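Undergrad: Here you go, one structure.
Here, each number is a calculation from the coordinates, and none is a lab measurement. Just so we're clear, the structure is a prediction, and the values are computed from it rather than from any experiment. Reconstructed Cβ throughout: ideal geometry from the backbone, glycine too, with neighbour counts over all protein chains shown.
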Amino acid sequence: MEIENVDGDKQAGHHLKQRVKYKIMNLVIEEDKIYIPRDPDCHKCGDTIIMHRDVTLYENACADLIAKENGNILEIGFGLGISADRIQTHNPAKHVIIEINEDIYKKAIDWAKDKSNVEVILGDWKEVISEITDKFDGVYNDADNDANEDLVAFSDMVLPKCNDGCKLIQTTWGVKNPLYKKRDTYSRITLDEDTKYWYGSDTLDIIYFTLTNNNWV
Ligand SMILES: C[S@@+](CC[C@H](N)C(=O)[O-])C[C@H]1O[C@@H](n2cnc3c(N)ncnc32)[C@H](O)[C@@H]1O
């Protein structure tokens, strides 16, 4: 199976402890979860959960931090569309979503059918981000499964696409990321029972940065 270990700084407990080739994986997408079914030859193995509706509190909190009325919002990774739904409640002028997995992309396209402010792009953010011409006021990167150097590079790669005052959240910042080392701007959320199961703590600090004079502060 196309999985390798990940040593990360994930602030979201629902996410994988292993790196998965999302692009080519046959994922099972259900109403409440997305998963890779267990290897039938491995008796000790269970399904590998990629996303679970239990973490709605986290997704909503991230969406609320980066979205704003009439703002342009960039989201990496559609998943179950929980954060996307919440971003829409803020009435953004434009909501761009990049999704790497074709089956999830199709779900996103279906979800966006009645939303004139949404553009869904199929691809890996690393390959498509340079083609985007919009400028954003909020960015949420919940694609937590990239290589460490790509996670670290994201903030610099997205910066030219952002307006001053833009808010940035990454679920995984990447180890040795100088931004993550600072991590002094955060919103502390109190977790509900569902979310606690995945995070193993009562509270969670969502780290965010704001683009100020061309720097993430
Ligand atoms: C944890 S889920 C996102 C959950 C979503 N925020 C929600 O509320 O349901 C991560 C998503 O990112 C996508 N993804 C992973 N790596 C990606 C990449 N490099 N570029 C674009 N999308 C990616 C996955 O296919 C998956 O849909």
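Undergrad: Taking Cα atoms, how many degrees apart are the long axis of helix 56-66 and the longest axis of the chain, rounded to 10 and kept between 0 and 90?
TA: Tilt of helix 56-66: around 20 degrees.
Undergrad: Rounded to the nearest 10 degrees, what's the angle between the helix 148-158 long axis and the longest principal axis of the chain, both from Cα atoms, 0 to 90?
TA: It works out to around 30 degrees.
Undergrad: Quick one: order HIS90, HIS43, HIS95 by neighbouring beta-carbon count within 10 Å, fewest to most. Present the calculation step by step, with values, prior to reporting the outcome.
TA: Working: HIS90 17, HIS43 7, HIS95 24.
Fewest to most other Cβ atoms nearby, the residues stand as HIS43, HIS90, HIS95.
Undergrad: Mind listing the lone cysteines of the chain, meaning no other Cys beta-carbon sits under 4.7 Å from theirs?
TA: CYS62 - these cysteines have no disulfide-compatible partner (Cβ-Cβ under 4.7 Å) in the chain.
Undergrad: Please go through the residue pairs LYS33/LYS135; LYS106/LYS126; LYS107/LYS181; LYS107/LYS182 and name each one whose alpha carbons sit more than 26 Å apart in this structure.
TA: Numbers: LYS33/LYS135 32 Å; LYS106/LYS126 20 Å; LYS107/LYS181 36 Å; LYS107/LYS182 36 Å.
Table pairs above 26 Å Cα-Cα are LYS33/LYS135; LYS107/LYS181; LYS107/LYS182.
Undergrad: Which percent, nearest 5, of DSSP beta bridges in the chain are antiparallel? Could the numbers behind the result be given before it?
TA: Numbers: 18 of 37 bridges.
Here the share of antiparallel DSSP bridges comes out near 50 percent.
Undergrad: Taking just the alpha carbons, could you work out the radius of gyration and Dmax for the chain, both in angstroms?
TA: In order Rg, Dmax, the Cα atoms of the chain give 16.5, 55 Å.
Undergrad: Calculate how steeply helix 102-111 sits against the longest principal axis of the alpha-carbon atoms of the chain, using the helix alpha-carbon long axis, and give the answer as 0 to 90 degrees to the nearest 10.
TA: 50 degrees
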